[in-house]
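Read through the structure below, which is laid out as structure tokens, and then see the notes.
Each reported figure results from applying straightforward, stated rules to the coordinates on display, with no laboratory input. Bear in mind the structure is a predicted one, so any value in this text is a computation, not a measurement. Note that each Cβ is placed from the backbone with ideal geometry, even for glycine, and that neighbours are counted across all protein chains shown.
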Amino acid sequence: MIFYYELIRTGYWKKFKIYEGTLNFKQVKENTKGKYTCEDCDHNIRSESIKNFLISK
């Protein structure tokens, strides 16, 4: 049996699932009142941060 949390994506108000065994699942389990994003948004934020860091140097 796979456990998951169903959350609402910050900014888009669409639901997404976080499955057991991932880092996000552990974070949500520890702090259910936090703001979380889906994997696609996490990837986009990380990519933009790296790009901006490299451009600024």
Using each residue's phi in region 27-40, evaluate 6.51 cos²θ - 1.76 cosθ + 1.60 at θ = phi - 60° and report the 3J(HN,Hα) Karplus result to the nearest Hz, with x for Gly and Pro.
5, 5, 4, 7, 9, 6, 9, x, 9, 10, 10, 6, 4, 4
State, to one decimal in nm, how far the label point of residue 13 lies from the label point of residue 49, with both points 7 Å from Cα in the Cβ direction.
2.7 nm
What are the aspartates and glutamates whose alpha-carbon lies under 18 Å from the alpha-carbon of residue 14, with same-chain residues fewer than 8 places away excluded?
6, 39, 40, 42
What are the residues whose amide H is under 5 Å from the amide H of residue 9, where those residues sit 5 or more places off or on another chain and H is modelled from the backbone?
14, 15, 16
In the calculated pair distance distribution of the chain, what percentage of Cα-Cα distances lie above 19 Å?
37 percent
I'd like the GluC sites (Glu not before Pro) in region 13-44 restricted to DSSP loop residues with at most 14 other Cβ atoms within 10 Å, sorted by number.
20
